[in-house]
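Student: Take a look at this one; I'll ask things after.
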Amino acid sequence: MLTTRLKRRGVKNVIVDDIEYFDVQDIKDNHPELKVDVKKIVYVNEVALIKAEDVHITTDFDKIIKQVFPKNK
């Protein structure tokens with residue numbers, strides 16, 4: 001996903017070593033229409049971050065899978 005689209009959606013971001021990252025927890029908590037590639041998550045000071053290119057819009061398939069296998073809280 002493009003950096004500008006994530007910023008427009010209000011996703012928290014930070015620049016580390018001249019690379020822009022987005023807050024994974026913010027995406028999970030406030031943007032259920034987005035999903036992250038968990039293999040690409042990096043941790044900086046124990047905060048999970050991800051690059052914009054590794055964030056995607058949830059597909060219909062993803063939504064069905066979430067209904068079939070709900071998270072147990």
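Student: Tell me what the chain gives for mean residue ellipticity at 222 nm when only DSSP H runs of n ≥ 4 count, each as -39,500 (n - 2.57), the sum divided by the residue total, rounded to 500 deg cm²/dmol. Intermediate results must be reported in sequence, preceding the final value.
Tutor: Working: 3 runs with 22 residues, N = 73.
When only DSSP H runs of four or more count, the value is -7500 deg cm²/dmol.
Student: Right, here's the next one. Given springs between every Cα pair under 10 Å in a Gaussian network model of the chain, which of 23, 54, 37 has the largest fluctuation?
Tutor: It is 37.
Student: Now for a different question. Please work out the ratio of the alpha-carbon Rg of the chain to 2.2 N^0.38 Å and round it to two decimals. Don't jump to the answer; show the numbers that get you there.
Tutor: Numbers: Rg = 12.7 Å, N = 73, 2.2 N^0.38 = 11.2 Å.
Here the answer is 1.13, to two decimals.
Student: Counting only residues 5 or more places away or on other chains, whose amide H sits under 5 Å from the amide H of residue 12 once H atoms are built in the peptide plane?
Tutor: 23
Student: Excluding same-chain pairs closer than 8 in sequence, count the lysine pairs in the chain whose Cα atoms lie under 18 Å apart.
Tutor: For the chain, qualifying lysine pairs total 22.
Student: In nm, to one decimal, how far is the residue 56 label point from the residue 5 one, both placed 7 Å along Cα→Cβ?
Tutor: Here the answer is 1.2 nm between the modelled labels.
None of the figures in this text is laboratory data; all of them are computed from the coordinates on show. Since the structure is predicted, the reported quantities are computational estimates derived from the model, not experimental observations. No Cβ is skipped: glycine too gets one built from the backbone with ideal geometry, and neighbour counts run over all protein chains shown.
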